[in-house]
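Just below is one structure, and these are the notes that go with it.
A short reminder: the numbers here are calculations on the coordinates, not readings from a lab. Since we're looking at a predicted model, the values are computed, not measured. Note that each Cβ is placed from the backbone with ideal geometry, even for glycine, and that neighbours are counted across all protein chains shown.
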């Protein structure tokens, strides 16, 4: 009798894996005095799933056998066990920092570029532009027309601009291409594992906005030493930053947070030498950083000649230089505390 019941239950799919049969989930099955008792182990604790399985079992058994049985189904819910795999260290790179926001259009790539330029004066620096939705680094460094070369091992060789090694999806995909999530993740992984960086003190990864599979494929698999968040002083930006913070602190990702930078904080009128707070002076980012217990690294103003600064064509702006140097000092302080 038990064998016949088992055969019938093979027609029911497992809710944990639809390629498997429900019989894989059965721990025990007893039959005695017209009573069938089935013990089923599940990973999914949904009431609907349990009700559906119970109904399917009862329907298939009662429709096959002429005798009337009393059917008792007991569920045991088990937690899945996940194993944290060891993260990959990219050869030749001492530290990897990510620039992340969650919100698009907050100047993440610009901040990434400026920090890289100031870092490159003392350290060997590289930029990995992983923003598949809108890679801005080639435009900021005016290298849109450059082509990526390969070494003898068929690995990508980054373009060297002002002592910064740069590789970007924008340099590899010249035409408009529609990429689905898995394809995008695969492309980014190809760049990560097949780029010859040589020796770097810092690799800075400019991440796309959002919290998608693309982010997870990078953050979960690579050894990253710190995350720097970028936000404008608006509530709508902070909401998305909060999502990114939760992603970074997830136990399967677990990246140290160095701090948050407020971008587009204010505008300075050169004639009046007065600060104008376009988004309002409400200390959104400072208050947010205190609430989340993360370090506030500094504020960067609107600056009309920011592209000239990136391309080393402006050397006489002590105000901007002081701001960036203070931010870098705060990054170094917090980086040492976190690592």
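The angle between the Cα long axis of helix 108-119 and the longest principal axis of the Cα atoms of the chain comes to about 50 degrees, rounded to the nearest 10. Computed from Cα positions, the angle between helix 47-64 and the longest principal axis of the chain comes to roughly 30 degrees.
By the beta-carbon count within 10 Å of each Cβ, the least crowded to most crowded order of 11, 302, 296, fewest first, is 11, 302, 296. Volume per residue of the convex hull around the Cα atoms, evaluated for the chain, comes out as 189 Å³. Among 144, 55, 189, the largest mean-square fluctuation in a Gaussian network model of the chain, built with springs joining Cα atoms closer than 10 Å, belongs to 55.
The modelled label-to-label distance between residue 64 and residue 35, using points 7 Å beyond Cα along the C-beta direction, is 2.2 nm.
For the chain, a Gaussian network of Cα nodes joined below 10 Å ranks 320, 228, 49 by mean-square fluctuation, and the top entry is 49. One equal scatterer on each Cα of the range 2-77, no solvent, Debye formula: the resulting log10 I(q)/I(0) at q = 0.24, 0.26 Å⁻¹ is -1.21, -1.42.
Ordering 225, 215 from the fewest to the most neighbouring beta carbons within 10 Å gives 225, 215. Taking the chain as the reference, fit the longest principal axis to its C-alpha atoms, fit the long axis of helix 235-248 to the helix C-alpha atoms, and give the angle between the two in degrees, 0 to 90, nearest 10. With rounding to tens, the tilt is 60 degrees. Residues 242, 199, arranged from fewest to most other Cβ atoms within 10 angstrom of their Cβ, appear as 199, 242. Projected over every direction and averaged, the convex hull enclosing the alpha-carbon atoms of the range 27-118 yields 12.1 nm².
Who wins for biggest fluctuation among 273, 87, 304 in a Gaussian network model of the chain, springs between alpha carbons below 10 Å? Judging by the Gaussian network model, the answer is 273. When only Cα pairs below 8 angstrom with a gap of at least 6 residues are kept, the chain shows a relative contact order of 16 percent. Can you work out the PRE-style zone for residue 146? Point 7 Å along Cα to Cβ, and I want the residues of the range 107-138 with backbone N under 14 Å. The answer is 113, 117, 125-129, 136-138, whose backbone nitrogens lie closer than 14 Å to the label point.
Let me have the 222 nm mean residue ellipticity of the chain computed from DSSP H runs of 4+ only, each contributing -39500 (n - 2.57), with the sum over all residues rounded to the nearest 500. So the calculated ellipticity at 222 nm is -10000 deg cm²/dmol.
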